[in-house]
1. In the stretch 181-212, what residues are hydroxyl-bearing (S, T, Y), assigned to a loop (DSSP other than H, G, I, E, B) and crowded, with 20+ Cβ neighbours inside 10 Å?
2. Which of the residues spanning the stretch 33-46 are out of contact with any Leu (no Cβ under 9 Å at 6 or more places or on another chain) and open to solvent by 40 Å² or more (accessible area, probe 1.4 Å)?
3. Within the stretch 218-255, track down each residue that is open to solvent by 40 Å² or more (accessible area, probe 1.4 Å), of a type in the set (F, W, Y) and touching a residue at least 24 places away in the same chain (Cβ under 8 Å).
4. Out of curiosity, is R167 within 18 Å of D298 (Cβ to Cβ), out of contact with any Gly (no Cβ under 9 Å at 6 or more places or on another chain), at pLDDT below 95 and part of a loop (DSSP other than H, G, I, E, B)?
5. Given the criteria loosely packed, with under 12 Cβ neighbours inside 10 Å and in contact (Cβ under 8 Å) with a residue 40 or more places away in the chain, does E215 qualify?
Amino acid sequence: MLGFLLRLLPFWVREPLLIAVGSVLGVRLVYLAVRDHDQGVAGFGVVFLVFTAIRVHAVIRALRARRNPSPTASADGAAVDAAPQPQAQPQPQAQAVTGSRPRPDTPEKEHNAWGQAVAAVAVFGALGAALWVGPRFMPSGDNAPKPASCSGGAHEELPKAYKNTPRPVTGEELCKALNRPDLAELLGTPEETATTVSSTNNTAPLTDGKVAQPEAEVTFDTYTVNVSATYNELSTGQYVKLMKFGDEKDVKTLTVLGRPAVLSSDHTMKLEINLGSGGSGGPVEEGPLARTLSVALDRKDRGGYCDITVWSTSGALPNDSALLNIAEKVLPRIPERPAR
């Protein structure tokens, strides 16, 4: 049906339409093929571009033919004028008539052809722009990988430590604050999608369950990010003093969103658990190096801190600017600790 309608259109309307549609679709398909590394889509894009090139060539030939009409008719008229007349019966009037013989009628010029072509190109240009920009605002297809989401823990009963702590954040709230759409971009790997997301409403170790310590974790192919909030009485200044007696490396004090903070490095712990009948798990081993940004829970550093830790199985770490960017996005979602 569409092909029949296209054949009914005049040449100067149909060809610009085909060129506009073919060029838009061809360029769009080639762009998607380069982005997704899909050779099949690239082949379709090349087919559309070749089809468009053929139509452009046809239009150019038609334009040249309109500008330079065929001289066949003029040559025929000149040949008739130059033909010798019989001398036996001179006919001056006939010669005059022959000399003034009218030439074939010139085809009428299509006055609206260019206007129709421009209007058609404009309409299909708008449609092409909609096809180009539409995928950016439309939801992704079913085959696109969907990022992992935070598991619902709204009905989970919180430990007693959370009830005794003023305005504590929960693990689910930390998860929603951390699992941002731009988290991979903040880490320097914008093409990656979160594979695992988790959160817990823990309490700090060695505190007999009296200190709330919620945490959330998001895992990508390259990096893993963990955020925890510890509601103890330890200030960041005191925490820095304790680091001097530990094995933390690359300690650097700074200020983040007006709060005292410290950057440090330490190795994670690797624990293998043997679920076979042969016995218990293996010993605790040293894992890859991790980089942690610890920020006070309030500007006056009354106690408690938020840890943002990044590590990877390969041992590679992002720049410290990535941790600072994550902190600037996550910390505003954590209520400051009120005065006691």
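1. none
2. V34, R35, D36, H37, Q39, G40
3. Matches in the stretch 218-255: Y239 only.
4. Considered against the rule, which asks whether it is within 18 Å of D298 (Cβ to Cβ), out of contact with any Gly (no Cβ under 9 Å at 6 or more places or on another chain), at pLDDT below 95 and part of a loop (DSSP other than H, G, I, E, B), R167 comes out as yes.
5. So E215 fails the test.
The values are calculated or read from the model by the stated rules, or taken from the named source; none is laboratory data. For clarity, every value in this text was computed on a predicted model and none was experimentally measured. Neighbour counts run over all protein chains shown; Cβ positions are idealised from the backbone, glycine included. These accessible areas exclude ligands, DNA and RNA; they are computed on the full protein's heavy atoms, side chains included. Shrake-Rupley method; radii C 1.70, N 1.55, O 1.52, S 1.80 Å.
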